[in-house]
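Undergrad: Below is one structure. I have some questions about it.
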Amino acid sequence: MVERNDVIGETLFALTPFAVRQRGRELSLTAVSTLATLLRTGPRRLTDLAVYEGVTQPSMTSVVTQLEDLGFAERRRAPGDGRVVLVTITRAGTQYLRSMRCAGASVFTALIDKLGEDEVAALHAALPALRHLLDLAGEGETVPKRSPGGRNKPGPQPDAPAQKGQGPEGPSIGR
């Protein structure tokens, strides 16, 4: 069973580059990931974003500045403490993520259209399991991806945990 799961995991992972290559090049993967984090978890401190995304604070400052320049994010004072600055996603940032995800999904749709009827039916049958994988992946996002030194740091994040389920930030296939 473990060997079969390894093959499934390797196959799913091997499909990732196809969608990534189709995304726009105006933003780095870290910038896109930062936008997705802000959409999923809400406003966050810049230092928390840096830890969560596994980059240094100066690097995250550059990413956030780029996102601000594009109108995809903005810095705001925290309502309860004016000394605290939070980074939040804008409507334009949310729209950018949606369009990028639609472009990525269309890559898979084009591949699926090349499959036979039985193979498409098998993928439809696997949708509940795939959706469950998405939910499980969302639950695991309370842990930073990697520390700036490259190792994962266990434990909850200082800000609100990721929300379970999928909204505009995730796939909407059949939902």
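The values are calculated or read from the model by the stated rules, or taken from the named source; none is laboratory data. All of these numbers come straight from a predicted model, not from anything done at the bench. Cβ atoms come from the backbone with ideal geometry, glycine included; neighbour counts cover every protein chain shown.
Undergrad: Within segment 110-118, does at least one residue satisfy the condition of being in a helix (DSSP H, G or I), over 23 Å from the mean Cα position of the chain (by Cα) and without any contact (Cβ under 8 Å) to a residue 40 or more places away in the chain?
TA: Scanning segment 110-118 turns up at least one residue that is in a helix (DSSP H, G or I), over 23 Å from the mean Cα position of the chain (by Cα) and without any contact (Cβ under 8 Å) to a residue 40 or more places away in the chain.
Undergrad: Determine which member of the set 51, 85 is more than 16 Å from the chain's Cα centre (by Cα), farther than 19 Å from residue 26 by Cβ and not hydroxyl-bearing (Ser, Thr, Tyr).
TA: 85
Undergrad: Could I ask something else about it? Of everything in segment 6-37 that's assigned to a helix (DSSP H, G or I) and charged (D, E, K, R), which residue is nearest to residue 100 (Cα to Cα)?
TA: Ranking the qualifying residues of segment 6-37, first place goes to 21.
Undergrad: Kindly indicate the residue of segment 22-40 that is in contact (Cβ under 8 Å) with a residue 40 or more places away in the chain and over 12 Å from the mean Cα position of the chain (by Cα) and also farthest from residue 70 (Cα to Cα) among those meeting that condition.
TA: Filtering first and then ranking leaves 22.
Undergrad: Conditions first: (1) surrounded by fewer than 19 Cβ atoms within 10 Å (Cβ to Cβ); (2) touching a helix residue (DSSP H, G or I) at 6+ places or on another chain (Cβ under 6 Å); (3) touching a residue at least 12 places away in the same chain (Cβ under 8 Å). Residue 89 passes all but one, so which condition is the exception?
TA: With respect to (1) surrounded by fewer than 19 Cβ atoms within 10 Å (Cβ to Cβ); (2) touching a helix residue (DSSP H, G or I) at 6+ places or on another chain (Cβ under 6 Å); (3) touching a residue at least 12 places away in the same chain (Cβ under 8 Å), residue 89 is out only on (1).
Undergrad: Quick one: which residue in 11, 37 is of a type in the set (S, T, N, Q) and surrounded by fewer than 13 Cβ atoms within 10 Å (Cβ to Cβ)?
TA: The conditions single out 11.
Undergrad: Would it be correct to say that residue 49 is within 12 Å of residue 63 (Cα to Cα), of a type outside the set (Ser, Thr, Tyr) and either assigned to a helix (DSSP H, G or I) or touching a residue at least 24 places away in the same chain (Cβ under 8 Å) (or both)?
TA: Yes.
Undergrad: Another question, if that's okay. Out of all the residues in segment 85-103, is one or more in a strand (DSSP E or B), touching a Lys or Arg at 6+ places or on another chain (Cβ under 6 Å) and at pLDDT below 95?
TA: Checked segment 85-103: at least one residue is in a strand (DSSP E or B), touching a Lys or Arg at 6+ places or on another chain (Cβ under 6 Å) and at pLDDT below 95.
Undergrad: Turning to a different aspect of this structure: Test each condition in (1) modelled with pLDDT of 90 or more; (2) outside any helix (DSSP H, G or I) for residue 82 and report the one that comes out false.
TA: Condition not satisfied by residue 82: (1).
Undergrad: Would you check which residues across segment 57-72 are of a type in the set (Gly, Ala, Ser) and part of a helix (DSSP H, G or I) and list them?
TA: Scanning segment 57-72 gives 59, 62.
Undergrad: If the requirement is being surrounded by 12 or more Cβ atoms within 10 Å (Cβ to Cβ), touching a Ser or Thr at 6+ places or on another chain (Cβ under 8 Å) and over 26 Å from residue 103 (Cα atoms), which of these qualifies: 64, 51?
TA: 51
Undergrad: Residues in segment 70-90: is at least one in contact with a Pro (Cβ under 8 Å, 6 or more places away or on another chain) and within 29 Å of residue 8 (Cα to Cα)?
TA: No, because not a single residue in segment 70-90 is in contact with a Pro (Cβ under 8 Å, 6 or more places away or on another chain) and within 29 Å of residue 8 (Cα to Cα).
Undergrad: Next up: Note down all Cβ pairs under 7 Å where the first residue falls in segment 54-82 and is among the hydrophobic types (A, V, I, L, M, F, W, C), the second is assigned to a loop (DSSP other than H, G, I, E, B), and they're at least six residues apart or on different chains.
TA: Close Cβ pairs (under 7 Å, with a partner that is assigned to a loop (DSSP other than H, G, I, E, B)) amount to 55/148; 72/90; 73/90; 78/84.
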